[in-house]
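What follows is a set of notes on a single structure, which appears directly below.
Only the coordinates and a few stated rules stand behind these numbers; no lab work does. For clarity, every value in this text was computed on a predicted model and none was experimentally measured. Ideal geometry is used to build each Cβ from the backbone, glycine not excepted, and the neighbour counts take in all protein chains shown.
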Amino acid sequence: VKNDEITLTGIKDGGETTIAVTDAKGQRAEIKVKVGVPTVGTFVWDISSAKFDEADQYGITLLQSGLAVTQLSGDKKQQYYLLWTGGLSAGDKTGGKLYVVDSKTKDAKPIDLTSVKVSETKTAGTFYIAFSDGTKNGDVVFVK
């Protein structure tokens, strides 16, 4: 909870809960939240998002300890490099960095990440990676 904003982050295969909120006057409201892990390949960083494996969209390249998300077609030539230490095994990772490169960016400066967590979902071979720089959040879903 910060100011008037409540942020929830879930790192599981989905679930549901009820959040009860009571204001200063004693008025109470309940909010039911149901979360599922997407199964379609996606990359999200802050307000930007990309889908994988569709014509004229982004492609993904897996690295030993990271990934690259690239779109070279159309006007929107852009690439994201998400890197960390510790491989693709499930768990919290260290040394996370995100680079955002586009056709106008010559030298992309790294965005230091405060958290990177790799999870393998119940669907075999489907991975979910959540990452944050402490202010902005992102996630990636892909099938290996």
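Give the cross-link partners of K104 among the lysines, using a straight C-alpha distance below 29 Å as the criterion and excluding same-chain residues fewer than 8 apart.
K51, K76, K77, K136
Pick from G59, G36, G26 the residue whose mean-square fluctuation is largest in a GNM of the chain, springs joining Cα atoms under 10 Å.
Highest fluctuation among the options: G26.
Would you list, by chain and number, the aspartates and glutamates whose Cα falls below 12 Å from the Cα of K97, excluding same-chain residues fewer than 8 positions away?
D112, D133
Anyone know which of A50, A68, A29 comes out most mobile in the 10 Å Cα GNM of the chain?
Result: A29 has the largest fluctuation of those listed.
Treating only the Cβ atoms of Lys and Arg (+1) and Asp and Glu (-1) as charged, compute the dipole magnitude of the stretch 39-143 about its Cα centre; round to the nearest 20 debye. Walk me through the intermediate numbers first.
Numbers: 11 positive and 12 negative charges, 34 e Å.
With Lys and Arg at +1 and Asp and Glu at -1, about 160 debye.
Can you sort T135, T61 from fewest to most other Cβ atoms within 10 Å of each residue's own Cβ? Could the numbers behind the result be given before it?
Numbers: T135 8, T61 11.
Ordered by Cβ neighbours within 10 Å, fewest first: T135, T61.
To make sure I understand, if each residue's beta carbon is the centre and we count other beta carbons within 10 Å, what order do D112, D107 fall in, fewest to most? Could you put the intermediate results ahead of the total?
Details: D112 11, D107 6.
Ordered by Cβ neighbours within 10 Å, fewest first: D107, D112.
Here are several values of Cα extents along the principal axes in Å: [x] 53, 32, 29; [y] 127, 26, 20; [z] 54, 36, 32. Which one was derived from the coordinates shown?
Here Cα extents along the principal axes in Å agrees with entry [z].
At a 10 Å Cβ-Cβ cut-off, how would you order L83, L63, fewest neighbours first?
Taking fewest neighbouring Cβ atoms as first place, the list is L63, L83.
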